[in-house]
Structure formats: C-alpha cells, structure tokens
Amino acid sequence: MKKRKPRILISGGGTGGHIFPALSIANALKRRLDAEILFVGAENRMEMERVPAAGYNIKGLPVAGFDRRHLLRNISVLMKLRKSLSMAKGIVKDFRPDIAVGVGGYCSGPTLKAAQKAGVPTLIQEQNSYAGVTNKLLAAKAKAICVAYPGMERFFPAESIVMTGNPIRRDLVEHAPDAGEARKGFGLDPERPTVLVIGGSLGALTLNESLEKGITSLADKGIQVIWQTGKNFGDRGVKAVQGLKGIVVTKFISDMAAAYAAADVVVSRAGASSISELEALGKPCILVPSPNVAEDHQTKNARALSDRDAAVFIADADARDKLVTGIIDLLADKDRQAVMTRNIKKLALPDSDNRIVDEVIRILNDNSTNYTKE
C-alpha cells in the first residue's frame, strides 16, 4: 500500500523576512517528502500574493499586531485575534496536519496555538537573536525550536533547541553572476566600487533620507549606487539623483542575486533574513537596525555581527549624519572589507532549509508516521 503524503501546515509572514524562509522550507519539504503543504498567513499582507505565486495554497487570518503607542486601538486587535483563533482551529480540523511549522509573523501565534490544542506536533523557527513574545509562549509545547544564534536557551527549553540557521533563497547562491557582469546588467561600470542599499519592499525612511542627503557625495567619490527605495518613498530618490552618473534608483529589485553580486558593500536593515543572506554571501555590510520592531530585536541582531567585526553598526538615529561617510570609509578600506568577509562567513550556517526539514522528519517519525530522511 502506498504511503500517503505528509500534511504540513506552515504559518507566518507579514514581511519578506518571514515569507522567503517559509517558502525555502516549503520547497525543501516538497523536494524531499513530496509533502502536501498549506500556508496560513495574515489577510492583506504580502504572503497572500507571494505564496500562491510560488505554487502553494494559503488561508488568511484577520490577525493584526498590537499597537504599543495607541492602546485603545488594541480593542479591535483583540477582536481580530479571537476570530483568528477560531478560524485557525477550523483550518487545523479541516486540513488535519501531521505537523505545524511556525516561522514568525502575526499569524503564527493563533495557528500554532490551535495546532497544539489539537494535539498536532509543532516546530518553531525563531529567526532572531532575541526571541519574540509569541514564540516564547509557544515554546513549552513545541517539539523543536530551530534557531540561528547561540545562547537561545535564555528564552527556550535547552532540550528543544536545534541550531539550524535561517533559510535563504537558494538562487542567491546558486545563480549569482560575476560582479562585473552583474554591474553591467544594472547599466553600471563593471570596474567601479559599488554599494547596494536595501530597505525592504516598503523602503526604510532613514536609509532613504540618508541617501537623499548624501548621494552627491557618493557620486563625487566615484562610488556607484544601487538604491532600492521601496514603494513608500515615491519619486524622491529619482529626483535626488538627477544629473548624477552611476546611480540606479528602483522601488523594487527582482533579481537580488545580481544586486548582491554587483555590490562591494551592502547597506541594510538588520532583519534576521537579510543578515542570513549577507552571511551566506560573505558581504561586507553596514547595518542600520530599525527601531520600530518588537523588543528592539534588530539592534540585537546587528550587535551579534558588529561585536565580531563582521559588520559596521550605525544606529538609526545617527544614520542621516554618519551613513554616507561610513559607506565612503568602508569602500576605501579593502583590508577591512576582507576581514569583515572572513568574519561574516564564519557565522553562516549553510543548507538551513534541509536542517529544518531534518527536524520535521524526526518529529514525524517520532509520531510513528515513518517518513525517511533523504
């Protein structure tokens, strides 16, 4: 008799930093187990488009994050959470998963809570160096907690922790072009120093305004810039670079493998997914953590690198005055770049998607479903 496919529920999203790792895990599960996979995301967030585009089914929950500045607005948040818990219970009952995997984001909480109440084994992927509140609450009943940083036993039961790293998009490593060719693809000089500035799909206002203020200084130094502004900055970036050569301004970069390959130095926020990509690629980087995240976890992520001389740390409040100078100084110091490349590569955990799938298979086998590790 042919063994049925395992049914796996994956929950998470809200940002590309959660969605891309989730899709990497799903692709590895599909590749190794031919699993039947269902995603659960938050309504009106980017996963509701990105996940179907990748070939997977997704259900949406009306869940939203708590507003720490306007407490009265959380009445509606609590109502959405209650509805989401009820809907998640129905999804678990209908799909009957063999395991539920949570990768972070608003929807992971109600989905994994419903799975645990139904007796479904759960796996948590904690991406950051400082654990989120939801994952800490779910950890006691999780069968495994996959992490990317040492010292996470201060948040989770030590016996449940597995060091796997954060999955990254395989094409970033497997299909990366030569640096010169990548620069040509952006219409840039293949021989000139180049910096990539990325702030996510919506953009990072601090990074954008720092570049807007100092872009002429970079151009005057002969530095080429690939500047991804995100959609919230409008045309301000385009206006700022009028008359300047060697500057590419775009709201969205579709070929990140080429963008990374073109760059000598990368400027980025300090989300866990972005850091994992920089580690895997060995890119010298300047990290400007977002201050608008729970538990200030991006600062802790960035410090985990800068304390090891694997990145330059610039606080968000200082960026408008210090970022452009920092770019110029780092691009001029090839020895520092080489040291940073060596150090950041030491922090990379390759093949993270398969490491996580190993844990999924172990849990499935512990529950007598007899799925083999390939």
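Bear in mind that the values in this text are calculations on the coordinates, not laboratory data. Owing to the predicted nature of the structure, the values given are computational and were not obtained by experimental measurement. Here the Cβ is made from the backbone with ideal geometry for all residues, glycine too, and neighbour counts use every protein chain on show.
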query: If you build a Gaussian network model of the chain, linking Cα atoms that sit under 10 Å apart, which residue out of A294, A263, A144 swings the most?
result: A294
task: Search the structure for amide H atoms under 5 Å from the amide H of I161, placed 1.01 Å from N in the peptide plane, and list their residues when 5 or more places away or on another chain.
output: I145
field: Per-residue HN-Hα couplings for the stretch 332-343 [Karplus 6.51, -1.76, 1.60; θ = phi - 60°; Hz; x = Gly/Pro]
entry: 7, 10, 5, 5, 5, 4, 5, 5, 5, 4, 4, 5
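So for the stretch 168-311, averaging the separation of alpha carbon pairs under 8 Å that are six or more residues apart and normalising by length, what relative contact order in percent results? Mind showing how you got there, number by number?
Numbers: 238 pairs, mean separation 37.9, N = 144.
Taking the mean separation of contacting Cα pairs over the length of the stretch 168-311, I get 26 percent.
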- prompt: Going by the alpha-carbon gyration tensor, a ≥ b ≥ c the square roots of its eigenvalues, is the stretch 297-356 rounded (a/c under 1.5) or, if a/c is not under 1.5, prolate (a/b greater than b/c) versus oblate?
  reply: oblate
- prompt: What base-10 log of the normalised intensity I(q)/I(0) is obtained for the stretch 71-191 from the Debye formula, alpha carbons as equal point scatterers, at q = 0.12, 0.22 Å⁻¹?
  reply: -0.60, -1.19
Set of aspartates and glutamates with alpha-carbon distance to K239 below 12 Å, sequence-local pairs under 8 removed: E212
query: Along the stretch 357-363, what does the Karplus equation 6.51 cos²θ - 1.76 cosθ + 1.60 (θ = phi - 60°) give for ³J(HN,Hα), rounded to whole Hz, x for Gly and Pro?
result: 4, 4, 5, 4, 5, 4, 5
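Only loop residues by DSSP count here, and only those with at most 11 other Cβ atoms within 10 Å; note down the GluC sites (Glu not before Pro) in the stretch 167-231 that meet that. Walk me through the intermediate numbers first.
Values: sites: E174, E181, E191, E209, E212; in loops: E191.
Passing both the DSSP loop test and the Cβ count: E191.
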field: the stretch 134-218: translational diffusion in µm²/s, Stokes-Einstein, Kirkwood Rh over Cα pairs, 10 °C, 1.306 mPa s
entry: 92 µm²/s
query: Counting Lys and Arg as +1 and Asp and Glu as -1, each charge on the Cβ, what is the dipole of the chain about the Cα centre in debye, to the nearest 20?
result: 1420 debye
Cα gyration tensor category, rounded, prolate or oblate, for the stretch 247-300 with a/c compared to 1.5: prolate
- prompt: Can you pull the three principal axis extents for the Cα set of the stretch 5-153, in Å, largest first?
  reply: 47, 36, 29
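Go through 269-281, 158-170, 242-254 and give me the packing order, highest mean Cβ count within 10 Å leading. Kindly include the intermediate steps, with their values, before the conclusion.
Details: 269-281: 25.0, 158-170: 19.5, 242-254: 14.5.
Highest mean packing first, the order is 269-281, 158-170, 242-254.
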Of K83/K113; K89/K141; K80/K117; K113/K143; K93/K141; K83/K143, pairs whose Cα-Cα distance is over 24 Å: K83/K143
query: At what distance in angstrom do the alpha carbon centres of the stretch 92-151 and the stretch 297-368 lie from each other?
result: 24 Å
- prompt: Under Stokes-Einstein, with the Kirkwood radius over Cα pairs standing in for Rh, what whole-number D in µm²/s applies to the chain at 4 °C and 1.567 mPa s?
  reply: 60 µm²/s
task: Compute the long axis of helix 297-306 from its Cα atoms, compare it with the longest principal axis of the Cα atoms of the chain, and write down the angle in degrees, 0 to 90, nearest 10.
output: 60 degrees
query: Which lysines have a Cα lying under 20 Å from the Cα of K346, excluding residues fewer than 8 positions away in the same chain?
result: K283, K300, K334
task: Grab every C-alpha pair in the stretch 198-301, bin the distances at 10 angstrom width from 0 up to the longest one, and report whole percents.
output: 15, 48, 33, 5, 0
